[in-house]
1. Just to be sure I follow: if Rg is taken over the C-alpha atoms of segment B:20-83 and Rh is the Kirkwood radius over the same atoms, what is Rg/Rh?
2. Percent relative contact order of chain B, based on C-alpha pairs within less than 8 angstrom and at least six residues apart?
3. Return the unpartnered cysteines for chain B, using a Cβ-Cβ cut-off of under 4.7 Å.
4. For A:Thr18, B:Thr60, A:Thr82, which order do you get if you count the other beta carbons within 10 Å of each Cβ and list the fewest first?
5. In segment A:112-201, with Lys and Arg counted as +1 and Asp and Glu as -1 at Cβ, which of these residues, A:Tyr192, A:Ala136, A:Leu170, has the Cα nearest the positive end of the dipole, that is, farthest along it?
6. Please give every one of the lysines within straight-line cross-link reach of A:Lys200, meaning a C-alpha to C-alpha distance under 20 Å, and leave out same-chain neighbours fewer than 8 residues apart.
7. Based on the Cα atoms of the protein assembly as shown, what semi-axes does the equivalent ellipsoid have, where each is the square root of 5 times one gyration tensor eigenvalue, given in whole Å with the largest first?
8. Which whole number gives the average, over all residues in B:7-14, of C-beta atoms from other chains lying within 10 Å of the residue C-beta?
Amino acid sequence: MVVPDADPSDETLAVRATAGDSSAFEAIVQRYQARVFRLACRLTSDTDAPDVLQDTFLQVYRHLSSFRGESQFGTWVYRIATNAALMHRRATARRPADSLEEYLPQFDDEGKHTATPTELQVVSHVDELLDRQVLADKARDVVARLPDAYREAFVLRDLEDMSTADVAHLLGIEQAAVRQRVHRARLMLRGYLSDLLGVKP
Amino acid sequence: MTHIACASGVDLLMDFLEGVLPANVNAALEEHVAGCARCAAFVASYQATPRILRDATEATLPADVEASLKAFLRARTTAFKNP
């Protein structure tokens, strides 16, 4: 007796979909659509995310046969979504990325923080001190202001919680480069959150 | 022991938290942070930043966007033909 596979792996679904089983492709869409939408929102905007979502799954459909299993299927889908988001941003860029350098931490001549411990600590509580919706709007806005290279690395590593190794593989760069980009993004974003509270970074 | 100032310590923070620093540099940075209230506060807020932004940028797929995706794929692929 053949027991139906109640929860087939991504790879099994990909093989079935490549062989023309449209229900397998539908299952892939069901499994990944919410995650891809969230990723698209973080890499572009709520307005652009629906188009990125559609582009992503059309690309997944067209390129399923080229999935070689060299990376996890989820990482492969995320790579397609990340590229779709980047293409979309280039096509619809409304404004150049502006510098967030002003939010980098400040040091005196001896290399010591100029802010006090209390000032430096307050960012940890920004989500308790600001209105939830205000923070959500500001967060989306500032992530969109990051340079593309920083935003991709930060979103994948810190917001989507991927490992540094997986992000490096997905973006085709060294792990050290991922760490450097994520670090710069964290410093700028940390300083921005501090500035929202009227406190120097 | 290598001397570390706040500014150079901040430069090393990501590598420190990922555990990829050479042991002697790692030990020097640990010692600096343990004795520097400013850096201890900075490290805490640096680590909190991803969590705060992850929570603040959470998004759920709206039903109309999901429906549009299905209609889009139905028109361009062999999937979603059967309701």
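The numbers here are math on the coordinates, done by the rules we state, and not lab data. Please read these numbers as outputs of a predicted model, since none were measured by experiment. Using ideal geometry, Cβ is built from the backbone for each residue, glycine included, and neighbour counts are taken over all protein chains shown.
1. Details: Rg = 24.2 Å, Rh = 16.5 Å.
Across segment B:20-83, the Cα-based Rg/Rh ratio is 1.47.
2. On the way: 25 pairs, mean separation 16.8, N = 83.
That works out to 20 percent.
3. B:Cys6
4. Details: A:Thr18 15, B:Thr60 10, A:Thr82 23.
Lowest count first: B:Thr60, A:Thr18, A:Thr82.
5. Positive-end residue among those listed: A:Tyr192.
6. A:Lys112, A:Lys138
7. Numbers: eigenvalues 331, 91, 46 Å².
So the equivalent ellipsoid measures 41, 21, 15 Å along its semi-axes.
8. Numbers: counts 8, 2, 2, 7, 3, 1, 4, 13.
The shielding value for this peptide is 5.
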